[in-house]
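**Q** Quick one: the structure is below, and I'll ask about it shortly.
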Amino acid sequence: MPDFFTVLALYYLCEAAALTRDLSTEERWMCFNTYENVKSHFIDEDAPAPSDTAERAEQLRDAYTAFRAWEEANPEIVQDMREEARAAAEAL
């Protein structure tokens with residue numbers, strides 16, 4: 001799995017790009033996969049539950065909650081990464 005901060009930078013780039021223009025279908029899928037990779041970093045279980053199960057949905061909700069908590073605990077990192085993403089998105 002790629003480095004967390006590399007995936008997170010792509011996540012914020014997707015977020016910034018979506019705010020500035022319509023994303024292509026390919027870009028939307030890439031951003032969706034990036035978002036899933038960010039969340040998977042926060043799954044505590046040793047082995048994720050099978051896809052399309054209630055257990056997996058619960059793991060993903062918990063992972064999202066953990067990710068949001070991480071963002072709240074690291075506001076300077078998040079702000080810097082979002083600013084860099086905005087600048088990159090504007091340059092595209």
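The values are calculated or read from the model by the stated rules, or taken from the named source; none is laboratory data. Values in this document were obtained by computation on a predicted structure and should not be read as measured data. Counting neighbours? That spans all protein chains shown, and the Cβs are built from the backbone with ideal geometry, glycine included. All accessible areas refer to the heavy atoms of the entire protein, side chains included, with ligands and DNA or RNA removed. Shrake-Rupley method; radii C 1.70, N 1.55, O 1.52, S 1.80 Å.
**Q** At 1.4 Å probe size, with the rest of the protein present, what percent of the exposed accessible area of the chain is carbon and sulfur atoms?
**A** 52
**Q** Extension gain ASP44-GLU83, at 0.36 nm per residue separation less the Cα-Cα distance, in nm?
**A** 11.1 nm
**Q** Let me ask something else. Please identify the helices of the chain, taking whole runs of DSSP H, that span at least 18 Å along their own axis as judged from the Cα atoms and have a mean Kyte-Doolittle score of -0.5 or higher.
**A** Within the chain the helices that satisfy the rule are 4-20.
**Q** Any idea how far apart ARG56 and ASN33 come out in nm if each label point goes 7 Å out from Cα toward Cβ?
**A** 1.6
**Q** Hey, quick one: spin label on ARG21, modelled 7 Å out along Cα-Cβ, who in segment 71-92 has an amide N within reach, i.e. under 19 Å?
**A** The answer is 83-92.
**Q** Which chymotrypsin sites (Phe, Trp or Tyr not before Pro) from segment 26-92 combine a DSSP loop assignment with at most 12 other Cβ atoms within 10 Å?
**A** The qualifying sites: there are none.
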